[in-house]
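The values are calculated or read from the model by the stated rules, or taken from the named source; none is laboratory data. Everything quoted here is computed from the prediction, not taken from an experiment. Counting neighbours? That spans all protein chains shown, and the Cβs are built from the backbone with ideal geometry, glycine included.
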Amino acid sequence: MKRTACLYRVSTKKQIDKDDDIPMQKIECRNFAQNMGWQIVEEYYEKGVSGYKLSSKQRDVVQQIKEDAKNKRFDVLLVFMFDRLGRQESDTPFLMQDFYKLGIELWSVEEGEQKFDTHVDKLMNYIRFWQSSGESEKTSIRVATKHKQMVNEGIYRGGKYPFGYKIVESDRLNKKGEKTSDLAINEVEAEIVKEIYSLVYNKGFGTMRIQNYLLEKGYKTSSGKKWSRASIHNLLSNPIYAGRFTFGKNVDNIRQEKELWNISEIKRDDLVIINENIWNRVQEIRTNKSPLNRKNEDFKLIGTSSPLLLIGFIKCGHCNNKIATTYNYSRWTRKNGEKCVTKKAIYRCNGRIDKRVNCDGQTTYNRNKIEGIVEDETFKYIDELKNVDLYKEIKKFEKENIRNIEKKINNLKSQKEDLYKELKLLNDEVIKILKGESNFTPEMINEIKDEKEKELVKIQEEIDDINIIEKQKKLNLDDIKYMNKYVMDFKEIYDNADIDEKRMMLSKVIDVIYVYKDKIDITFKAHLKKITDNYDSVYVSDGRAIDS
């Protein structure tokens, strides 16, 4: 009686949860083995493992089967269909040959025995998996295309829903005529989402400080667990909170760059928890806080735990290095012998402690003098901004900047489409060349294609550059809208804010502060200054003396 091992596999988690066909495979294999007079000595299970995406070396169960085959633990390897072993034409045929070389018979309930006695046997084996791989690829493309279409149309695709939402029954029907599920806002959780976004938008908090905040408040995730920094990161980067679905955030379990995500063209207003302008601003704040950007000389660390108000946009006027936080310690002993220590935060020039930098400025600066001067000058600037019709300037800004940018992008996209059409015609010409029906040579076609592809790359680079400009223009517009909303009550709101909120409020107005031994220069946001150029009364600081 031949000793038989059986492998049962399903590809997706959905099959595990709903349509698990492993029982079907097991029944068929057991019946087949019984009819053949074989004894099943081992059964292997793979659940949620893709035979198309993963090679045999990446699958622990397959490696265990190979090890058992080497140790002669069975004589026959039986599967329901051979594609249970895998679907990669560059891997699975050779896996089967490896088993055959070990003296293992390979049988499928549906396809019979696979031998490798002749060249034709090997060819048929390869063709089988070549076809299987092709079908998997086509299926993958069809599924991805369908998901992209659903995302673009603002349709919920199922699966785990984000914090802040709940599942409801929709009026949309599936192929079986059954009502499908949809998302709706969970009002209680939505308030927590707003708090989390506010901590970034108004205070510049990072994930660690947000995590501590949520812990202190006793807030839990939907599953009742404590918030992790990864969960907070995912919440802050998910466009669903601005009403837009996404697809393609992860490919083969690898997180993709945001530029590669498919974000819905249609905005679901019924799912908006965070205003889209605020959502975009939060992304910009978090990008600037990324360690990858801290090497950038222009990087502004607005969100910081420093007790100093101006960290992030203050520099030394003598050496152009950043001003950082340091502390002065005072130690003394009371009459009763108790030792005491106090710590006072002060500003320190990084250039002064770097031997490679020649800085003739001060090493440290008193926080009260500097912060007092900056606040006074900012309030003067804000008072003068009250004389500006910001609403009128917003409309002018939108008309002159945003629309022109969109027009340029649409024009470049049209050029791209024309180039793709030309490339298609060139590819069609290659077929004619192979048939001997063309007056062109392959070299001529390749030369033209190279030129067209270079044009495509150049156009895409232009689009990318314009997109960066467009993003910055929209962020500048957000600053102007913010000032339009709060300019009348700016000082009152500022006086009642904590230090993190004050820092974010100043960041809406101030671009950079340069501190010298005897004065401070404040440069206000360029886009605000451009708007106020037509208003002669607007105050601009050209250096206020420090009373030393």
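If we scan segment 92-101, do we find a residue that is charged (D, E, K, R), surrounded by fewer than 17 Cβ atoms within 10 Å (Cβ to Cβ), assigned to a helix (DSSP H, G or I) and in the same structural domain as residue 118 (by TED's automatic domain parsing)? Checked against the condition, which is being charged (D, E, K, R), surrounded by fewer than 17 Cβ atoms within 10 Å (Cβ to Cβ), assigned to a helix (DSSP H, G or I) and in the same structural domain as residue 118 (by TED's automatic domain parsing), segment 92-101 yields at least one hit.
Return the total of residues in segment 349-372 being of a type outside the set (Lys, Arg) and assigned to a loop (DSSP other than H, G, I, E, B).
10
Going by what's in this entry, would residue 329 be described as within 30 Å of residue 210 (Cβ to Cβ), hydroxyl-bearing (Ser, Thr, Tyr) and in a strand (DSSP E or B)? Here the answer is no, as residue 329 does not meet what is asked.
So, in segment 47-76, how many residues would count as being touching a helix residue (DSSP H, G or I) at 6+ places or on another chain (Cβ under 6 Å), part of a loop (DSSP other than H, G, I, E, B) and buried (at least 17 other Cβ atoms within 10 Å of the Cβ)? Residues flagged as touching a helix residue (DSSP H, G or I) at 6+ places or on another chain (Cβ under 6 Å), part of a loop (DSSP other than H, G, I, E, B) and buried (at least 17 other Cβ atoms within 10 Å of the Cβ) within segment 47-76 amount to 1. Which members of segment 196-242 meet the condition of being in a loop (DSSP other than H, G, I, E, B), farther than 26 Å from residue 496 by Cβ and without any contact (Cβ under 8 Å) to a residue 60 or more places away in the chain? Correct list: 220, 221, 222, 223, 224, 225, 226, 227, 228.
Only one of the listed residues (432, 408, 458, 424) is part of a helix (DSSP H, G or I), within 30 Å of residue 484 (Cβ to Cβ) and of a type outside the set (Gly, Ala, Ser). That residue is 408.
Taking each residue of segment 361-374 that is assigned by TED's automatic domain parsing to the domain that holds residue 519 and looking for partners that are in a helix (DSSP H, G or I) and surrounded by 14 or more Cβ atoms within 10 Å (Cβ to Cβ) with beta-carbon atoms closer than 8 Å, six or more apart or interchain, yields 361/351; 361/352; 362/352; 363/352; 374/506. Look at (1) more than 30 Å from residue 510 (Cβ to Cβ); (2) surrounded by 15 or more Cβ atoms within 10 Å (Cβ to Cβ) and you find that residue 385 fails only one, number (1). Please go through segment 164-190 and pick out each residue that is under 17 Å from residue 243 (Cβ atoms) and of a type in the set (Asp, Glu). Correct list: 182, 187, 189. Scanning segment 384-405 for residues that are part of a helix (DSSP H, G or I) and either touching a residue at least 12 places away in the same chain (Cβ under 8 Å) or on the phi > 0 side of the Ramachandran plot (or both) yields 384, 385, 390, 391, 393, 394, 397, 398, 401, 402, 405. Looking across segment 223-247 at every residue that is more than 19 Å from residue 282 (Cβ to Cβ) and touching a Lys or Arg at 6+ places or on another chain (Cβ under 9 Å), the one that is modelled with the highest pLDDT is identified as 226. Within segment 172-195, being without any contact (Cβ under 8 Å) to a residue 60 or more places away in the chain and either small (Gly, Ala, Ser) or not in a helix (DSSP H, G or I) (or both) holds for 172, 173, 174, 175, 176, 177, 178, 179, 180, 181, 182, 186.
Annotation note: Cβ proximity below 8 Å between a residue of segment 61-90 that is on the phi > 0 side of the Ramachandran plot and a residue that is of a type in the set (Ser, Thr, Tyr) (sequence gap 6+ or interchain) occurs for 86/52; 86/55; 86/56; 86/92.
Among the residues in segment 507-527, are any part of a helix (DSSP H, G or I) and at pLDDT below 75? Within segment 507-527, one or more residues are part of a helix (DSSP H, G or I) and at pLDDT below 75.
Of all residues in segment 158-167, those that are surrounded by 12 or more Cβ atoms within 10 Å (Cβ to Cβ) and either modelled with pLDDT under 85 or not in a loop (DSSP other than H, G, I, E, B) (or both) total 4. The residue list 250, 275, 293 contains one member that is more than 17 Å from residue 210 (Cα to Cα), surrounded by 12 or more Cβ atoms within 10 Å (Cβ to Cβ), modelled with pLDDT under 85 and not hydroxyl-bearing (Ser, Thr, Tyr), which is 293.
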